[in-house]
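**Student:** Before we start, here is the structure in question, set down as structure tokens.
The values are calculated or read from the model by the stated rules, or taken from the named source; none is laboratory data. Bear in mind the structure is a predicted one, so any value in this text is a computation, not a measurement. When we count neighbours, we look across all protein chains shown, and the Cβ atoms used for this are built from the backbone with ideal geometry, even at glycine. What goes into the accessible areas is simple: the full protein's heavy atoms, side chains included, and nothing from ligands, DNA or RNA. Shrake-Rupley method; radii C 1.70, N 1.55, O 1.52, S 1.80 Å.
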Amino acid sequence: DGLRVLGVKKENIIFLGYPDSGLKDMLGKNWSTTYTSKYTKKNSSPYSNSYHQNVSYTGENLDIEISKILDDYRQDIVFATNPADIHPDHSATGNFVKKALEKNNNLKPKLYFYLIHYKRFPYPKGYHTNRMITPPSKLIQITNPWLKFTLNNQTLELKKQAVKQYKTQLKVPLLRSLMDGFIRKNELFQEVQM
């Protein structure tokens with residue numbers, strides 16, 4: 001529902017169906033060997049709305065699917081989670097997307113990373129719409145440049161309504177504090193030099 005609030009059409013939403021907490025392993029030791037989800041005990045996507053059902057959980061298969069989607073959509077700009085994100089699935093996703101773009105000589109979109117989980121980020125946690133999101137100090141000097149995009153009041157309200165759609169996450173105080181922390185006066189992205 002959050003994507004609907006932001007105006008994303010249903011036909012442009014793709015679920016890959018890969019396992020929670022499995023992407024880091026699929027990027028490494030399960031690149032060509034099948035990974036079994038510790039939660040569903042499945043080794044392929046059991047979800048009817050997956051991009052491809054019954055594809056074995058391997059890094060190679062995820063790489064193929066991400067590459068195909070990027071090739072099919074041929075966007076000028078791609079956003080992905082930052083490999084510096086401390087959530088292993090988010091970190092792995094950024095690495096998968098970057099890897100797929102680097103190996104495709106026909107695609108040269110601009111790539112921007114966004115951060116969700118990092119120590120003391122966003123700071124301070126909680127609902128502070130009058131504040132700006134700033135990059136964690138440890139990531140300012142050692143990585144690619146950060147770009148801040150100021151949001152007008154209408155866009156900020158739209159973002160607030162989109163965040164409200166995540167009802168189950170908002171019931172958990174720690175997650176609510178994190179999610180509310182992103183309802184700020186700006187968006188923050190890291191420009192990736194390819």
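**Student:** Could you state the per residue volume, in Å³, of the convex hull enclosing the Cα atoms of region 1-64?
**Tutor:** That works out to 100 Å³ per residue.
**Student:** Another question, then. Using the structure shown, list the pairs from 125/159; 24/98; 98/159; 10/185; 10/99 with a Cα-Cα distance above 19 Å, or answer none.
**Tutor:** Correct reply: 98/159; 10/185; 10/99.
**Student:** Find, to one decimal place in angstroms, the Kirkwood hydrodynamic radius of region 109-194, where the mean of 1/r is taken over every pair of different Cα atoms and then inverted.
**Tutor:** For region 109-194, inverting the mean 1/r across all distinct Cα pairs yields 13.7 Å.
**Student:** Sticking with this one: Please name whichever of 177, 32, 93 sits farthest to the positive end of the charge dipole of the chain, dipole taken about the Cα centre and charges placed at Cβ: Lys and Arg +1, Asp and Glu -1.
**Tutor:** Of the listed residues, the answer is 177.
**Student:** Please give, to one decimal in nm, the separation of the simple spin-label points placed at residue 142 and residue 119, each 7 Å out from Cα toward the Cβ.
**Tutor:** Result: 1.0 nm between the two label points.
**Student:** Could you give the size of the charge dipole of region 26-139 about its Cα centre, using +1 on the Cβ of each K and R and -1 on the Cβ of each D and E, expressed in debye and rounded to the nearest 20?
**Tutor:** 500
**Student:** What accessible surface, in Å², does a 1.4 Å probe find on residue 15, ignoring ligands, DNA and RNA and rounding to the nearest 10?
**Tutor:** Approximately 110 Å² of residue 15 is accessible to the 1.4 Å probe.
**Student:** Sticking with the crude label model, points 7 Å out along Cα→Cβ, report the distance from residue 20 to residue 4 in nm, one decimal please.
**Tutor:** Here the answer is 2.2 nm between the modelled labels.
**Student:** For the chain, give the share of DSSP beta bridges that are antiparallel, in percent and rounded to the nearest 5; count only bridges with both residues there. Display every interim value, and only then the final one.
**Tutor:** Details: 10 of 16 bridges.
Beta bridges within the chain, antiparallel portion: roughly 60 percent.
**Student:** Using just the helices of the chain, give the 222 nm mean residue ellipticity in deg cm²/dmol: DSSP H runs with n ≥ 4 each add -39,500 (n - 2.57), and the total is spread over all residues, rounded to 500.
**Tutor:** -9500 deg cm²/dmol
**Student:** Which shape class, rounded, prolate or oblate, goes with region 33-126 when its Cα gyration tensor gives a ≥ b ≥ c as root eigenvalues, a/c under 1.5 marks rounded, and past that a/b bigger than b/c marks prolate?
**Tutor:** Taking the square roots of the gyration eigenvalues as a ≥ b ≥ c, region 33-126 is oblate.
**Student:** Quick one: accessible area per residue over the chain, 1.4 Å probe, rounded to a whole number of Å²?
**Tutor:** 61
**Student:** Under 5 Å between amide hydrogens, which residues at least 5 positions from residue 44 or on another chain qualify, with H placed 1.01 Å from N in the peptide plane?
**Tutor:** Here the answer is 57, since their amide H atoms fall under 5 Å of that of residue 44.
**Student:** Quantify how much of the Cα-Cα distance distribution of the chain extends past 26 Å, in percent.
**Tutor:** The share of Cα pairs beyond 26 Å in the chain comes to 38 percent.
**Student:** Can I ask one more? With a 1.4 Å probe and all protein chains kept in place, how do 13, 66 rank by accessible area, largest first? Numbers along the way, then the final one.
**Tutor:** Values: 13 55, 66 20 Å².
Sorted descending by solvent-accessible area, the residues read 13, 66.
**Student:** Rounded to the nearest 10 Å², what accessible area does residue 87 show when all protein chains are kept and the probe is 1.4 Å?
**Tutor:** Looks like 60 Å² after rounding.
**Student:** If R₀ is 35 angstrom, what is the calculated FRET efficiency for the pair residue 160 and residue 41, using the beta carbon separation as r and rounding to 0.05?
**Tutor:** Calculated value: 0.40.
**Student:** Relative to the Cα centre, what is the charge dipole magnitude of the chain, using +1 at the beta carbon of each Lys and Arg, -1 at the beta carbon of each Asp and Glu, and rounding to the nearest 20 debye?
**Tutor:** 720
**Student:** Helix 88-103 versus the longest principal axis of the chain: what angle, 0 to 90°, nearest 10, using Cα atoms?
**Tutor:** Approximately 70 degrees, to the nearest 10.
**Student:** At a Förster distance of 25 Å, what's the computed FRET efficiency of residue 171 paired with residue 56, Cβ-Cβ distance as r, to 0.05?
**Tutor:** 0.15
**Student:** Can I ask one more? Each label point is 7 Å from the Cα along the Cα-to-Cβ direction; what then is the distance between the points at residue 33 and residue 110, in nm?
**Tutor:** Taking the two extended label points, one gets 4.2 nm.
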